[in-house]
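Here's the structure we're looking at; comments come further down.
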Amino acid sequence: MIKMDNITTSYLTRAELWLYITTLIYFLMNGAQIFETLVFVPKWTDAPPVNFKLLLDRHGASLKFFWIIFHSLHEITFILAIIFCWKIGFARNWLLILFAIHFAVRVWTLTFFAPNIINFQKIAETQTLAEGLVDKTSLWQTLNYIRVAIFIAVSIGLIPLCIRLLNLRQQGL
C-alpha cells in the first residue's frame with residue numbers, strides 16, 4: 001500500500017514531468033553511447049596509435065564537449081526528478097538507487113575512461129609509442145561495453161517507475 005499524504009495532483013504532475021524528462025534524456029544519451037560504442041570506438045581502437053588521431057579535437061571527432069554537456073544536462077534532470085518525486089516514497093527510493101548506480105559508473109568514467117582517452121590523445125599528438133597499447137585499448141573497449149550496458153540498465157530501470165507513477169495518477173492518487 002502506498003501512503004500518499006500531502007500529494008496533490010500538481011505535485012504528481014511535476015514529479016511525472018521530471019521523471020519523464022530524465023528518462024527521455026537518458027535514452028537519448030544511450031542512443032549516442034550505443035552509436036559511439038558500435039561505430040566510433042571500433043575505428044580508433046582498431047589500429048593504435050595510428051587511429052588515435054580520430055580522438056583529436058581539431059583533426060578528429062573529439063566528443064569531449066558533447067559528453068560533458070549531455071551528462072551535465074542529464075544529471076541535472078535526474079536530480080530534479082529525485083527532488084520532485086521526494087514525497088513519493090517508492091519513486092524517491094528507486095530513483096536514489098538508480099542514481100547511486102549511475103553515479104558509480106560516472107566516477108568509473110572519470111577515473112578510468114576519461115584519463116585513458118586523454119592519454120590516447122596525447123599519444124596521437126606526440127606520435128609516441130606506449131608499451132602495451134593494443135592491450136590498453138582492448139581493455140578500454142571491453143570495459144566500455146560493460147559501462148554502456150550498465151547505463152542502459154539504469155535507463156530501463158526508469159521505465160517501471162514511469163509506469164507506476166502513471167498508474168498512480170489513474171488510481172486518483
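The values are calculated or read from the model by the stated rules, or taken from the named source; none is laboratory data. These numbers come from a predicted model, not from an experiment. Methodologically, a virtual Cβ is constructed for each residue, glycine included, from the backbone with ideal geometry; neighbour enumeration extends over all protein chains shown.
Observations on the model:
- A count restricted to region 32-49 and to residues that are among the aliphatic types (A, V, I, L, M) and in contact (Cβ under 8 Å) with a residue 60 or more places away in the chain stands at 2.
- Listing of helices (runs of 4 or more DSSP H) fully contained in region 57-173 that carry 3 or more residues being of a type outside the set (D, E, K, R) and at pLDDT 95 or above: 64-84, 89-108, 133-170
- Within the option set TRP86, TRP94, being closer than 30 Å to ASN167 by Cα and over 20 Å from the mean Cα position of the chain (by Cα) holds for one residue only, TRP86.
- Within this structure, VAL107 fails the test of being surrounded by 14 or more Cβ atoms within 10 Å (Cβ to Cβ) and of a type outside the set (S, T, N, Q).
- Checklist (1) free of Cβ contacts under 8 Å to residues at least 40 places away in the same chain; (2) closer than 25 Å to THR22 by Cα; (3) not basic (Lys, Arg) applied to CYS162, failing item: (1)
- Qualifying residue in region 24-31 (condition: surrounded by 14 or more Cβ atoms within 10 Å (Cβ to Cβ), in contact (Cβ under 8 Å) with a residue 40 or more places away in the chain and of a type in the set (S, T, N, Q)): yes
- Sub-9 Å Cβ pairs linking a first residue in region 107-124 that is farther than 16 Å from ILE68 by Cβ to a second residue that is basic (Lys, Arg) and assigned to a helix (DSSP H, G or I), at least 6 apart or interchain, are TRP108/ARG147; PHE112/ARG147; ASN116/LYS136; ASN119/LYS136; PHE120/LYS136; ALA124/LYS53, ordered by first then second residue.
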